[in-house]
Every structure is written in C-alpha cells, then in structure tokens.
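**Q** Quick one: the structure is below, questions incoming.
The values are calculated or read from the model by the stated rules, or taken from the named source; none is laboratory data. Bear in mind the structure is a predicted one, so any value in this text is a computation, not a measurement. Neighbour counts run over all protein chains shown; Cβ positions are idealised from the backbone, glycine included.
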Amino acid sequence: MRITVLAFSAGFGLVLAAAPAEAAWRGYISHPLGFGFAAPGDLKVEKGTYKGAVAGSLDAIVYRSVDDNIEYKAIVIDTGAEANQSATLLGEAEYIFQDGKKLLMDSFGRVDGHYGRKLTVDLPNKGGRTTAAFYFVDGRIVSLQATVLPANGDYDNPEMARFVDSISFYTVRAADDAIELPMPK
Amino acid sequence: MRRFAIAALLSAPLAVIAVPAQAAWHSYISHQLGFSFEAPGEVKSQPGTYRGSIAGPRQTMVFRSVDDNIEYKVTVMSFLQAQAEGANILGEREYMFQDGKKVLMDTFGRVEPGKEAIYGRKITVDLPKNGGRTTAAFYFTKGKLYILEATVLPANGDYATPDAGRFIDSVTFNLARAEKNATELKIPEE
C-alpha cells in the first residue's frame, strides 16, 4: 500500500513537471480607450495599421501577449472621421477576419450594451485556430483575438473564450488591481 | 392511345389553372431614402413603430406587398443623430429579429463592391408555432436602418422558394444601379 502511495506521489510530481508553466491572468484597463480585459503573460503594446476597402488605411494599437503557445491580442482601430460608417466598418473588419479561412463559429456578441460578433476560424496551412470578438465603441473598432498555435495544439482550449469574453466597456467593471494599458510611443 | 392523348390534353389546362398566379416583379426606388429594390405585387406604404433598448422608440416607414402567400416587407428608419451608433443599432435589430426563433442561416451581407461596399447581415429564421419562414437582410448606411424581410407563409409552404432570396438580394443603395423604369416609392404619412 505504501509503495502504491509513493508511486502515485512520484507520478503526480511528473505530471506537474510535464505541464507547461502558465502565467497568471491579470486585469488590464484603458481609461482613454474605454475598455478593459483580462489576459495572461507579459502584455506589450505596439502600433499597427489596419486596411480595408471601405475603411482605407487606419492607425491601430495592438496589445499582445503569448502564453503557453496561445497568442492574445487586443486591437483598437481608430476610425476617426469615418465613425459614422460604424456598421459597415465593423462588418468589413469581421468579414476580412474570416475571409479565406474555415469559419467554425459566427455568433452574436453582446457586452455592456454593445452588440458585436464572435467568430472562430481555422487558420490556413494548419496555422492554428483563432477566436475573436469585434465591437464598435466610441469611434473605434475593438477586437480581441486569441490564437491557439500549433505548438499548443489544444484547439478546444477554453482560454480563448475566457480572453474574448473578458472584455468590458464599463471601466468600473474592471478588476480592482487592473493595470492601466500604456499608449504606444 | 387516342383516349390517353385526349385525357392528357384535357388535364394540361387543369394543371395550369392549379398553379397559383404570380405577379410580375417590379423595381421600386426611393430617391429620398436612397435605396431601391425589387418585389412582386402591389407595394403599399404605411407608417409603423419600433422600439429597441439602444435604438429607443422610432417611427418607421414600411413598404409591403403580398404575392403567392409570401409577404415582402421593407422597413426603413432614420437615425441621423446617432450615425456613430449604427453598428450597435444594427446589431440590436438583428438580435431582436432572431431572438426566440430557430435560426437557419446567419451570414454576411454585402451590397455594392469595393470601397462602396455596405456590410450587413442576412438571417433566415423559422417563425414560432409553424408561422412560416422569414429571410431578412439588415443594413445601416447614411444614418438609416434598412430591413428587407420575405416571409413564406404556411399557406404557401414552399419554404425553399428562391423568391425570398431574390427579394432581399435585390436591394441597392447606389441609385445609378437601379432599374431605369423603377417606380418611385410613396413615403408614408406619419
């Protein structure tokens, strides 16, 4: 009996050692951009560019982290003077996201009085699976995208949904210890 | 053999009579509302109302015809003061349309090509209590919400009829692309 217990304990230790180290999830908030979310890992900010036939070329802010071979991205696209075309700009961003990919899910998203969409696609060339949410808030397209990379391989991982569903547009609903998101330099 | 031929000749007109008469399709246009579509039957206009949590209470303009037990309806409402909220107003209307119904299709809608494109959605639902099947298209552009709905009623029963798709796909917001002989829609009086 004692041998069994020892073997079980040793095996449990091996399982723990084999499991990849996963970073803790933290709350993030941007008061100037009016949204918050939760993500694991070390979040970095960079500037980006978004292009669409209707939208043209627009500046974007990208917050990104990678943990356990899952990439987490929050993308904010400032539509500026084109904000009056919000419905079409949001629809175009959603369409571009899934264009040429295998669409696995396309459903309503609704957060804090804002309607958007949640989509899941398989990336071409076995590049992984991405779940994304798209919303239009205060003149900006806000998209959260979680991509399970092939090195992870667990394409039903609930962390994708946890990430995209963590978004809030009421900053008071962010975690008390949420970190203020920096603006790119 | 002669009896068969006579019987066939007699039954042919009966078959023709049994097929319901279908009205011709016409193009309709509203320069004031900035859109055009095609529908069969006599399109009549009437005012209506709509209320959504985000949209609030709204007056609507409804253009409607019924042909072969299919109801064709276009609803237009104005949000000129809330254009930047168009995405949410559109999403709310789409959500309300399918809420509590069996969704058969929910896909991208796009009218006009390239940078003139207007994105929306096309949704098909089965109505509760065997009330028929509705295919709808939703677009928000230039401060107006446009909804095209074709409902195949149980009396028709051909729920796969292509006429529903023909109707919702006939919409255009580029009036230069509308039929030259399109009938100008009468704006309903409030």
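**Q** Do we find a residue being in contact with a strand residue (DSSP E or B) (Cβ under 7 Å, 6 or more places away or on another chain), within 14 Å of chain B (Cβ to nearest Cβ), more than 19 Å from B:ILE89 (Cα to Cα) and modelled with pLDDT of 95 or more anywhere in the range A:111-119?
**A** yes
**Q** Take the conditions small (Gly, Ala, Ser) and more than 14 Å from every other protein chain (Cβ to nearest Cβ) and apply them to B:SER45. Does it pass? Break it down stepwise before answering.
**A** Values: small (Gly, Ala, Ser): yes; more than 14 Å from every other protein chain (Cβ to nearest Cβ): yes.
Considered against the rule, which asks whether it is small (Gly, Ala, Ser) and more than 14 Å from every other protein chain (Cβ to nearest Cβ), B:SER45 comes out as yes.
**Q** Still on this structure, please answer the following. Return yes when A:TYR155 is modelled with pLDDT under 95 and among the aromatic types (Phe, Trp, Tyr) and no when it is not.
**A** On the way: modelled with pLDDT under 95: no; among the aromatic types (Phe, Trp, Tyr): yes.
No: the conditions fail for A:TYR155.
**Q** Count, please, the residues in the range B:98-118 that happen to be within 11 Å of B:ASN174 (Cβ to Cβ) and either assigned to a strand (DSSP E or B) or facing another protein chain (nearest Cβ under 9 Å) (or both). Spell out how you get there, then give the answer.
**A** Of all residues in the range B:98-118, those within 11 Å of B:ASN174 (Cβ to Cβ) come to B:111-113, B:116-118.
From what is left, the residues that are either assigned to a strand (DSSP E or B) or facing another protein chain (nearest Cβ under 9 Å) (or both) are B:111, B:113, B:116-118.
Residues in the range B:98-118 being within 11 Å of B:ASN174 (Cβ to Cβ) and either assigned to a strand (DSSP E or B) or facing another protein chain (nearest Cβ under 9 Å) (or both): 5 in total.
**Q** Shifting gears a bit: I'd like the full set of residues that are more than 10 Å from every other protein chain (Cβ to nearest Cβ) and either more than 22 Å from A:LEU89 (Cβ to Cβ) or aromatic (Phe, Trp, Tyr) (or both), limited to the range B:119-131.
**A** Of the range B:119-131, the ones more than 10 Å from every other protein chain (Cβ to nearest Cβ) are B:122-131.
Matches in the range B:119-131: B:THR124, B:VAL125, B:ASP126, B:LEU127, B:PRO128, B:LYS129, B:ASN130, B:GLY131.
**Q** Residues in the range B:142-155: is at least one touching a residue at least 24 places away in the same chain (Cβ under 8 Å), surrounded by 18 or more Cβ atoms within 10 Å (Cβ to Cβ), in a helix (DSSP H, G or I) and more than 8 Å from chain A (Cβ to nearest Cβ)?
**A** Scanning the range B:142-155 turns up no residue that is touching a residue at least 24 places away in the same chain (Cβ under 8 Å), surrounded by 18 or more Cβ atoms within 10 Å (Cβ to Cβ), in a helix (DSSP H, G or I) and more than 8 Å from chain A (Cβ to nearest Cβ).
**Q** Filter the range A:99-110 down to the residues that are more than 8 Å from chain B (Cβ to nearest Cβ) and more than 16 Å from the chain's Cα centre (by Cα), then identify the one that is surrounded by the most Cβ atoms within 10 Å (Cβ to Cβ).
**A** The residue in question is A:LYS101.
**Q** From the residues in the range A:63-86 that are in contact (Cβ under 8 Å) with a residue 24 or more places away in the chain and among the aliphatic types (A, V, I, L, M), which one is surrounded by the most Cβ atoms within 10 Å (Cβ to Cβ)?
**A** First, the residues of the range A:63-86 that are in contact (Cβ under 8 Å) with a residue 24 or more places away in the chain: A:63, A:65-80, A:82-83, A:85-86.
With the extra rule that they be among the aliphatic types (A, V, I, L, M), the set shrinks to A:66, A:70, A:74-77, A:83.
Numbers: A:VAL66: 17, A:ILE70: 24, A:ALA74: 29, A:ILE75: 20, A:VAL76: 22, A:ILE77: 25, A:ALA83: 19.
My answer is A:ALA74.
**Q** Among all residue pairs at least 6 apart or on different chains, which show Cβ distances below 7 Å where the first residue, located in the range B:75-95, is more than 8 Å from chain A (Cβ to nearest Cβ) and outside any helix (DSSP H, G or I) and the second is crowded, with 22+ Cβ neighbours inside 10 Å and among the aromatic types (Phe, Trp, Tyr)?
**A** B:VAL76/B:TYR146
**Q** Taking the range A:87-97 only, how many residues are within 8 Å of chain B (Cβ to nearest Cβ), closer than 12 Å to B:PHE108 by Cβ and in contact (Cβ under 8 Å) with a residue 12 or more places away in the chain? Talk me through it step by step, then tell me what you get.
**A** Residues of the range A:87-97 that are within 8 Å of chain B (Cβ to nearest Cβ), as a first pass: A:87-92, A:94-95.
Keeping just the survivors that are closer than 12 Å to B:PHE108 by Cβ gives A:88, A:90-92, A:94-95.
Now narrow it down to the ones that are in contact (Cβ under 8 Å) with a residue 12 or more places away in the chain: A:88, A:90, A:92, A:94.
Count: 4.
**Q** Test each condition in (1) within 14 Å of chain B (Cβ to nearest Cβ); (2) over 14 Å from the mean Cα position of the chain (by Cα); (3) over 27 Å from B:SER78 (Cα atoms); (4) part of a strand (DSSP E or B) for A:ASP59 and report the one that comes out false.
**A** With respect to (1) within 14 Å of chain B (Cβ to nearest Cβ); (2) over 14 Å from the mean Cα position of the chain (by Cα); (3) over 27 Å from B:SER78 (Cα atoms); (4) part of a strand (DSSP E or B), A:ASP59 is out only on (1).
**Q** Residues that are crowded, with 19+ Cβ neighbours inside 10 Å, modelled with pLDDT of 95 or more, in contact with a Pro (Cβ under 7 Å, 6 or more places away or on another chain) and more than 11 Å from chain B (Cβ to nearest Cβ): does the range A:128-143 have at least one?
**A** Scanning the range A:128-143, I find at least one residue that is crowded, with 19+ Cβ neighbours inside 10 Å, modelled with pLDDT of 95 or more, in contact with a Pro (Cβ under 7 Å, 6 or more places away or on another chain) and more than 11 Å from chain B (Cβ to nearest Cβ), so the answer is yes.
**Q** What pairs come out if I take residues in the range A:168-185 that are of a type in the set (Ser, Thr, Tyr) and pair them with residues that are modelled with pLDDT under 90 and surrounded by 12 or more Cβ atoms within 10 Å (Cβ to Cβ) whose C-beta lies under 7 Å away, six or more apart or interchain?
**A** These pairs meet every condition: A:SER168/A:ALA174.
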